[in-house]
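The values are calculated or read from the model by the stated rules, or taken from the named source; none is laboratory data. All values derive from a computational prediction rather than experimental measurement. Reconstructed Cβ throughout: ideal geometry from the backbone, glycine too, with neighbour counts over all protein chains shown. With ligands, DNA and RNA removed, areas are computed over all heavy atoms of the protein, side chains included. Shrake-Rupley method; radii C 1.70, N 1.55, O 1.52, S 1.80 Å.
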Amino acid sequence: MTQILMTSTSKKEISEKQERKGQAVHRVLLGKKQILVTEEEPLLIQLERAGIHVEYQCREGYCSSCSIKLLWGNVIYPFEPLAWVQSGYLLACCAIVKSDIEIAFFD
Amino acid sequence: MSYSTFNRKHFDSTKEPMFFGENVNVARYDQQKHPIFEKLIEKQLSFFWRPEEVDLSTDRKDFQRLEAHEQHIFLSNLKYQTLLDSVQGRSPNVALLPIVSLPELETWIETWSFSETIHSRSYTHIIRNIVNDPTKIFDDIVTNEEITKRADSVSIYYDRLIEMVNLYNTMGMGTFDIPGRGEIEISMPKLKKALYLTIASVNVLEAIRFYVSFACSFGFAERTLMEGNAKIIKLIARDEALHLTGTQHMLNLMASGKDDPEMAIIAAECQDEVRQIFIEAAEQEKEWATYLFKDGSMIGLNAQILGQYVEYITNVRMQAVGLETHFATKNNPIPWINAWLVSDNVQVAPQEAEISSYLVGQTDNSLDDSDFDDFDL
Ligand code: FES
Ligand SMILES: [Fe+2]
Ligand SMILES: [Fe+2]
């Protein structure tokens, strides 16, 4: 069963709010969980709001601590992170999700 | 092949490999083979800080009130960090400057090493503030067995590379019988292997070796003890994270073959050895935690928790250089540490002025800059 994690607002409310602003909502799959995110903020802070612990240090793209696997889907970086981004990984602190994506922590 | 402080040859430095190409002549940064190193320099300069700016008067009183076993934890960590930064304040310069071939990388090495000297000076600032006789602490660093064991591991690769490069610069290629050292073979593959292992070992130093100590410093600060020290450690941790990124870039560039195809072959050959360097360092750090807590733990931290933390960050760091993780620990047992490690000024993003859409992997470039107007970290 896929469980939808929501804090205070429902998916519908978020979608409507985002649609009014012309912004998309995307699904982030993580194991059996599904989290909804917008393009307004980096992935890290939105995962944290959903109660998911992600390792971080700098939150500014230069330490690579927040590196997590991107199994499929698209993310972009508004500015080039200083940390090396391994292929197949993303830096959660500065990645903006641009489509539905699936992510994973350590194997 | 002797070193020249100003190479008279005319060549295009953007065509040189990072190391073992031409000696750098003109320090120019208008064109770069690897712009990342110029960016690291700028970031490091923006981090500049002076230890004396941090007031430690409360720490002095706090220290006096610590129990004996807590003083042991605090001072031992300080000694270990002093050792690490003593090494780092000189070794990148001594070992890497004679063989570097790109101006931006040369200056990154100097900037990096300079920032380590700030760390060293901060330890003197701390030690002076909490004890009456700093000499007792500093002297112990060269005699204390737990520390000297670690000194061997952090300096062995540097020392070997320096020795080989010295031979290369004076004698050239060949096999040389060195009194007291035996036969040493100097060839380009051997030199490159020594270099790769040195960078791997420094990467491990920056990545793992400070973190037990950081955790203890923040553990004290969680109890509102030694808070001036914690402020300094935060600044140090911020620098170390950048140094780590520097060594990760060097390793990944080498392994990719994009910089020097021969280096990619060597990197592949060294993979097991590099894994071993990670694992050995992690084991040493776990032993260090046991030594720290031999007479008693501190609230919220003990040798077992710190051991798990070491395993966890070792996994994180191994993954960052494309290695399979080694330890079973998949979660950070002390997640509160990240709130201490994060720098206070994450709002300030000097690069924001020059935002560019940067694409990695499968990305979507259908956005325009206005999509990021209200983006901030
Ligand atoms: S937290 Fe440092 S790169 Fe993301
Ligand atoms: Fe340092
Ligand atoms: Fe460092």
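Data overview
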read-out: Violating pairs (Cα-Cα greater than 29 angstrom) within the set B:79/B:258; B:9/B:33; B:9/B:39; value: B:79/B:258
read-out: Cα gyration tensor shape for the protein assembly as shown, rounded if a/c is under 1.5, else prolate or oblate; value: oblate
read-out: Where labels lie 7 Å past Cα in the beta-carbon direction, separation of residue B:330 and residue B:27 in nm; value: 4.9
read-out: Accessible heavy-atom area order of A:55, B:287, B:53, highest first, probe of 1.4 Å; value: B:53, B:287, A:55
read-out: Charge tally in the Cβ shell below 13 Å around residue B:201, where Lys, Arg are +1 and Asp, Glu are -1, residue B:201 excluded; value: +1
read-out: Highest-MSF residue in chain B out of B:261, B:51, B:17 [GNM, Cα springs under 10 Å]; value: B:261
read-out: In Å, descending, principal axis extents of the Cα set of chain B; value: 67, 63, 41
read-out: Under 5 Å, built H, 5+ apart or other chain: amide partners of residue B:186; value: B:174, B:175, B:176
read-out: Additional length obtainable on full extension of the chain from residue B:258 to residue B:139, 0.36 nm per residue less Cα span; value: 38.3 nm
read-out: In degrees, nearest ten, helix B:188-204 long axis to first principal axis of chain B (Cα); value: 20
read-out: Share of alpha-carbon pairs per 10 Å distance bin for segment B:33-76, given as whole %; value: 22, 25, 20, 20, 11, 1
read-out: Cut-off 15 Å between beta-carbons: net charge of the residues surrounding residue B:54, Lys and Arg +1, Asp and Glu -1; value: -1
read-out: Percent accessible area from carbon and sulfur atoms, segment B:1-144, protein chains only, probe 1.4 Å; value: 51
read-out: Carbon plus sulfur fraction of accessible area for segment A:9-104, probe 1.4 Å, in percent; value: 49
read-out: Per-residue average of Cβ from other chains inside 10 Å of A:64-71; value: 4
read-out: For residues of B:237-248, the mean tally of beta carbons on other chains within 10 Å; value: 4
read-out: Placed amide H near residue A:67: partners under 5 Å, 5+ positions off or other chain; value: A:92
read-out: For the protein assembly as shown, share of DSSP beta bridges that run antiparallel, in % to the nearest 5; value: 80
read-out: Rounded, prolate or oblate (a/c below 1.5 giving rounded, otherwise prolate when a/b exceeds b/c) for segment B:69-181 by Cα gyration tensor; value: oblate
read-out: Chain-alone versus full-assembly comparison, segment A:84-99, residues with accessible loss of at least 50 Å² (1.4 Å probe); value: A:84, A:86, A:98
read-out: Note, ³J(HN,Hα) from phi for segment B:22-34, Karplus 6.51, -1.76, 1.60, rounded to Hz, x at Gly and Pro; value: 5, 5, 5, 10, 7, 7, 10, 10, 6, 10, 9, 6, 10
read-out: Solvent accessible area, Å² - residue B:52, 1.4 Å probe, full protein context; value: 100
read-out: Charge context of residue B:228, other residues only, Cβ under 10 angstrom, K/R +1, D/E -1; value: -2
read-out: Kirkwood-Stokes translational diffusion coefficient of segment B:254-308, alpha-carbon pairs, 10 °C, 1.306 mPa s, µm²/s; value: 117
read-out: Cα centroid of segment B:29-107 to Cα centroid of segment B:260-307, whole Å; value: 20
read-out: Rounded to 10°, Cα long-axis angle of helix B:227-256 versus longest principal axis of chain B; value: 30
read-out: Rounded to the nearest 10 Å², the accessible area of residue B:265 at probe 1.4 Å; value: 100
read-out: Solvent-accessible heavy-atom area per residue, rounded to whole Å², over chain B at 1.4 Å; value: 43
read-out: Distance in nm between pseudo-label sites at residue B:178 and residue B:53 (7 Å out along the Cβ direction from Cα); value: 4.2
read-out: Overall form of segment A:9-104 per C-alpha gyration tensor (a/c, 1.5; a/b vs b/c); value: prolate
read-out: Inter-chain Cβ neighbour average for residues B:313-322, partner chain, 10 Å; value: 4
read-out: Length added when fully stretched, residue B:64-residue B:132, from 0.36 nm per residue minus Cα-Cα; value: 23.3 nm
read-out: Phi to ³J(HN,Hα) by Karplus 6.51 cos²θ - 1.76 cosθ + 1.60 over segment B:210-222, Hz, x for Gly, Pro; value: 8, 6, 5, 5, 4, 4, 5, 4, 6, x, 5, 5, 4
read-out: Between helix B:35-46 and chain B: long-axis angle, C-alpha atoms, 0 to 90°, nearest 10; value: 30
read-out: In sequence order, calculated HN-Hα J values of segment B:149-159 (Karplus, 6.51, -1.76, 1.60; Hz; x Gly/Pro); value: 3, 6, 4, 4, 5, 7, 9, 4, 6, 4, 4
read-out: In the A-B interface, the accessible area buried, summed over both sides, Å² (probe 1.4 Å); value: 4100
